[in-house]
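Here is the structure we will look at.
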Amino acid sequence: AAAFTALARRPNLVGRLVVAAAATVLGVGVVAGLFALWDSALPLGWDVLGYLALVGGSFVLVQLALLRLLGLRAMAVLGPLYLVAPAVAGQVPELLDPAYRTLLWSWTPFRFSADGLRALVAGTSPDAAQVWVFAALAVVGLAVLLLPGQEREPDLADGVVDVGVDQADGLPGAQRQHTA
């Protein structure tokens, strides 16, 4: 537990890769468990688990890369993406308004993950372009994580100021008045 706490406080390259791998494995495990609970007759073979690991790993690596590059400001990108995109990706494109289909559905990577998983469940293989999109996302995210960069240290205090209270003239009191 102490080693994990040290990794969380000051993440280095190994720490970031451990977090990425753990989040990927945990995410795939949760999705596979929900998948099996939803319908145990659906195929949950190594091809489905591998595709889920590719999709989950690529999303985790992109998130970590954005957080490393932008810090907390990355939430301005990730928040709307994760709030809007899954709802759009689950829709049948023909039922979407043409504006939504062009502006949201056409570019969201969640669409590729949903389409690929549907293909695997139906017994066919996902489109090669879908696999390449996630492989490219994973490579870019991993490259950003592997880039050497100056690790930020917390700002230290400029100095220590002694603050004292004169015992004869203490802090102000209620001055014998009732509270408002």
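For the range 54-151, applying the loop criterion from DSSP together with a ceiling of 13 other beta carbons within 10 Å to the chymotrypsin sites (Phe, Trp or Tyr not before Pro) yields Trp107.
In the range 4-90, how does Rg compare with the Kirkwood Rh, expressed as the Rg/Rh ratio over alpha carbon atoms?
Rg/Rh for the range 4-90 comes to 1.03.
Only the coordinates and a few stated rules stand behind these numbers; no lab work does. On a predicted model such as this, the values are computed, not experimentally measured, just so you know. We place every Cβ from the backbone using ideal geometry, glycine too, and count neighbours over all the protein chains shown.
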